[in-house]
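Let me begin by presenting the structure, written as structure tokens, before commenting on it.
Bear in mind these aren't lab numbers, they're just calculated from the coordinates by the rules spelled out. What you see is a predicted model; the values in this text were computed from it and never measured. Because the Cβ atoms are built from the backbone with ideal geometry, glycine has one as well, and the counts that use them run over all protein chains shown.
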Amino acid sequence: MRLLVVEDDDRIAIPLTDGLRREGYEIERVVTAGDALAAAPADLVLLDLGLPDRDGQELFRDLRVASTVPIIVITARGSERDRVTGLNLGADDYVVKPFGFQELVARIKAVLRRSGPRPHDAASVLRIRVLEIDRRTRLVRSHGAALALTPKEYAILDYLARDPGAVVTRQELLEKVWGPHWYGTTKMIDVHVASLRKKVGDPELIETVRGIGFRLVAGE
Ligand code: CA
């Protein structure tokens, strides 16, 4: 597993990268946003939002456009507002400095587990309305055009698509997509669903069931 560590502060980056190498990860560490975008593809990115050359949120968006690599955001700012902003960005997880090394390793493992390949289904390509969901390659097409979904958006869509028509509660989505040990509110689910809706280009596909959750509307 190859991790890209984007962190300008040596006091954090050096013990972090040493520790992660001891855990068996291959590490590339970069200091600037420019080097982060130029780095070779990684399995996961640890991204410090406070970088010297560029706004971290902008860099996040550029990384997201470039690939669907899972991203764990690291920031010194820990207020509830910033936490929500990190999640609104579409981060797969969010760690506030100072964080415990073991906690971070556990989060890295959880994110990699959730974003990793699933066993090959017999029916790996699912067709629902305008969408084609390829579970083996995790590629989603709408009207034949590939969509740039974040890992969270993909996971939400994939989960709803397991049983089109069935109502899925926000709590269930939180557990299945964010994991059972997630402590955030269910509000961020709506943010990710709104972004997913925009990308799929079929406003009626994902229906909000008031006060409960969501369902995929399979019929025309
Ligand atoms: Ca920094």
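So the values come out like this:
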read-out	value
Residue (of Leu139, Pro151, Val168) at the positive-pole extreme of the stretch 125-178, dipole from beta-carbon charges	Leu139
Nearest-20 debye value, the stretch 117-220 charge dipole, Cβ charges on Lys, Arg, Asp, Glu	200
Label-point gap, in nm, between Ala218 and Val130 - each point 7 angstrom along Cα→Cβ	2.1
Of Lys109/Lys199; Lys109/Lys152; Lys97/Lys199, those spanning more than 23 Å from alpha-carbon to alpha-carbon	Lys109/Lys199; Lys97/Lys199
Fraction of beta bridges assigned by DSSP in the chain that are antiparallel (%, nearest 5)	50
The chain: angle of helix 101-115 to the longest principal axis, Cα-based, in degrees nearest 10	30
Binned Cα-Cα distance frequencies in the stretch 144-199 - 10 Å width, integer %	22, 57, 19, 2
√(5λ) per eigenvalue of the Cα gyration tensor, the chain, largest first, Å	31, 18, 16
Choice from Ile133, Ile12, Ile108 showing the highest fluctuation, given a GNM over the chain with Cα pairs closer than 10 Å	Ile12
